[in-house]
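*Asks:* Structure below; questions to follow.
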Amino acid sequence: MRVRPGFLAWVSLMPGPNSGAGESTDGVPMSWDFSTEPEFEAKLDWAREFVRDEIYPLEVLDLDHAEFRRLAAPLQQRVKEQGLWAAHLGPELGGQGYGQLRLGLLHEILGTSELAPFAFGCQAPDSGNIELLALAGTPEQKARWMRPLLDGEVLSAFSMTEQGTGSDPRQFTTTARLVDGQWVLNGGKWFVGNASRADFHIVMAVTEPEAPARARMSMLIVPTDAEGIETREIGLMNDPDHKHPVWSHCEVSYRDVRVPAENLLGDRGEAFTLAQKRLGPGRIHHCMRWIGVCRRAFDMLCERAVSIDVHGGPLADKQTVQNWVADCAAAIESARLLTLHAAWKIDQVGASAARTEIAMIKYHGAAVLHDVIDKAVQVHGSLGFSTDMPLEQMYRWARAARIYDGPDEVHRVSVARRLLREYSPTPTPTEHVPTRRASALERFREQLDVAAVLR
């Protein structure tokens, strides 16, 4: 497959170095520039070639988790030497301090292979947990848990969701009570990523049952060698035998699990606030990785269209296929620009002020992801439906995008509510033409009278 430069080539979107890299024709500096600093563009070029040449080959090997980690170790070292390891973190934590916009551009490349984030030290849930520990951890917690996680020596899990509660964390029932200097944890969690492979879990539990809804929960660091933890691996639509080399997903039971009082992460009752800070920027990474998946599927679609002849000519000459190509190209570009704008806004004003943009890219990007892969499968016919192509696996995993990190329906409601707050009810529509005409006549009455006299 050859990816030609052009409309959907890997064009980077970045603000200028001084928010004025470009100039208009009258010489006035502009505040936006669709280009990348040469130094960072070189990093992206290296990452693109590295993922294609070193990560793609691993996809077709039947590797278990241990084998994959062994083969990934030297690749991780090469990433570290390039200064791209854990790029989501600030320099004080061993990262590059790239900010969300540059991260988005990098994740677009990493998204082309679900194995790539692990090689770059930015795989979920570890990347988000590192940020949580950096944000709320004590010096001791950072030394014991964050540093080994950052170095890739251990793995972690984020134990939040509970079956039957939908997207409403206010319904969580897992509890933790402070007894004789220890937290005693009881309850069950559902769909916990890497719970069976992790060295520790960060668990959200109700510690303040009488507090307001958003202040009832706290976060606890729970080592997986503590007594009373049971995990059951869950087969997924894209991984029915739960043999994925990077991730597992589990149901977890905590029965009288005891951890020291100092394993509280952040303040009591702060879990909801911390979770929002963790999940917001993480959605940027998800959405940009989806763009990478879309781009790879799009390339397969186009390659197939120019390679197969049916009914007297190549697929590429059929109007329906041409419509798919054009529509997918526009959809990918729209999702990409929407996501990069959200990333830019986070860099400018913070995640809390970009909630509408973050929610919007989640449901919009998930729909684009599904539709592009679907069209690529259709163009390939039975070959696309078979395991001889990666499209069927991509298609099955894409379905999860509409669920994890909050169902699309919830994000749509959130966006709509925020947008509607900007409007006030009015008995007469603001754009009512007769009302506007009367107002305009009153405003320009003198000028109109003079004009009438002159006529």
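The values are calculated or read from the model by the stated rules, or taken from the named source; none is laboratory data. These numbers come from a predicted model, not from an experiment. Glycine gets a Cβ as well: all are built from the backbone with ideal geometry, and neighbour counts include every protein chain shown. With ligands, DNA and RNA removed, areas are computed over all heavy atoms of the protein, side chains included. Shrake-Rupley method; radii C 1.70, N 1.55, O 1.52, S 1.80 Å.
*Asks:* To the nearest 0.05, how large is the calculated FRET efficiency for GLU422 and TRP46 if R₀ is 41 Å and r is the Cβ-Cβ distance?
*Replies:* Result of the calculation: an efficiency of 0.40.
*Asks:* Moving to a separate point now. In terms of the Cα gyration tensor, with a ≥ b ≥ c the square roots of its eigenvalues, is the stretch 238-281 rounded because a/c is under 1.5, prolate because a/b exceeds b/c, or oblate?
*Replies:* Oblate is the answer for the stretch 238-281, as a/c is 1.5 or above yet b/c matches or exceeds a/b.
*Asks:* Now a separate question. Could you give the accessible area per residue of the chain, probe 1.4 Å, as a whole number in Å²?
*Replies:* Spelled out: the 1.4 Å probe surface of the chain, per residue, equals 51 Å².
*Asks:* Shifting gears a bit: If I model a spin label as a point 7 Å beyond the Cα along the Cα-Cβ vector, how far apart are those points for VAL349 and GLU140 in nm?
*Replies:* Rounded to a tenth, the inter-label distance reads 4.1 nm.
*Asks:* How far, in nm, would the chain grow between VAL450 and TYR404 when pulled straight, counting 0.36 nm per residue and subtracting the alpha carbon separation?
*Replies:* 9.9 nm
*Asks:* I've got another one for you. Of MET217, MET360, which has the most accessible area and how do the rest follow, probe 1.4 Å?
*Replies:* So the residues, ranked largest to smallest area, are MET360, MET217.
*Asks:* Let me ask something else. Taking just the alpha-carbon atoms of the stretch 240-361, what radius of gyration and Dmax come out, in angstrom?
*Replies:* 22.1, 74
*Asks:* Once you charge only the Cβ atoms, +1 for Lys and Arg and -1 for Asp and Glu, what is the size of the charge dipole of the chain about its Cα centre, to the nearest 20 debye?
*Replies:* In total the dipole reaches around 1140 debye.
*Asks:* If you roll a 1.4 angstrom probe over the protein chains with everything in place, what fraction of the accessible area of the chain belongs to carbon and sulfur, to the nearest %?
*Replies:* 52
*Asks:* So what's the net charge close to TRP183: Lys and Arg +1, Asp and Glu -1, counting the other residues with Cβ under 10 Å from its Cβ?
*Replies:* +1
*Asks:* What number, in nm² with one decimal, is the all-direction average of the projected area of the convex hull of the alpha-carbon atoms of the chain?
*Replies:* So the Cα hull casts an average projection of 31.4 nm².
*Asks:* For TYR363, TYR395, what's the largest-to-smallest order of accessible area, 1.4 Å probe?
*Replies:* Output order, biggest surface exposure first: TYR395, TYR363.
*Asks:* I've got another one for you. Counting alpha carbon pairs within less than 8 Å and at least 6 residues apart, what relative contact order, in whole percent, applies to the chain?
*Replies:* Relative contact order, the chain: 12 percent.
*Asks:* Give me the net charge of GLN171's neighbourhood, meaning all other residues with Cβ under 15 Å from the Cβ of GLN171; Lys, Arg count +1, Asp, Glu -1.
*Replies:* Net charge in that neighbourhood comes out at +2.
*Asks:* Which order do you get for LEU178, LEU274, LEU337 if you rank them by accessible area with a 1.4 Å probe, largest at the top?
*Replies:* LEU178, LEU337, LEU274
*Asks:* Please report, in debye to the nearest 20, how large the charge dipole of the stretch 145-287 is about its Cα centre when each Lys and Arg carries +1 at its beta carbon and each Asp and Glu carries -1 there.
*Replies:* Charge dipole of the stretch 145-287: 440 debye, to the nearest 20.
*Asks:* To the nearest 20 debye, what charge dipole does the stretch 244-387 have about its Cα centre, counting +1 at the Cβ of each Lys and Arg and -1 at the Cβ of each Asp and Glu?
*Replies:* The dipole of the stretch 244-387 has a size of about 320 debye.
*Asks:* Moving on. Roll a 1.4 Å probe over the protein heavy atoms and report the accessible area of VAL184 in Å², nearest 10.
*Replies:* VAL184 has an accessible surface of roughly 10 Å² with all protein chains in place.
*Asks:* Okay, next question. Counting other Cβ atoms within 10 Å, which chymotrypsin sites (Phe, Trp or Tyr not before Pro) in the stretch 94-160 have at most 14 and lie in a DSSP loop?
*Replies:* none
*Asks:* Kindly provide the GluC sites (Glu not before Pro) of the stretch 138-179 that DSSP labels as loop, not H, G, I, E or B, and whose Cβ sees at most 15 other Cβ atoms within 10 Å.
*Replies:* Passing both the DSSP loop test and the Cβ count: GLU153.
*Asks:* Looking at the chain only, what percent of DSSP beta bridges run antiparallel? Nearest 5 please.
*Replies:* 85
*Asks:* How much accessible area does ARG437 have with a 1.4 Å probe, in Å² rounded to the nearest 10?
*Replies:* In the full protein context, ARG437 sits at about 130 Å².
*Asks:* By its C-alpha gyration tensor, with a ≥ b ≥ c as the square roots of the eigenvalues, how is the stretch 135-288 shaped: rounded for a/c under 1.5, else prolate for a/b larger than b/c, else oblate?
*Replies:* rounded
*Asks:* Could you give the nm distance between label points at VAL433 and ARG147, where each point is 7 Å from its Cα heading toward the beta carbon?
*Replies:* Output for this residue pair reads 7.3 nm.
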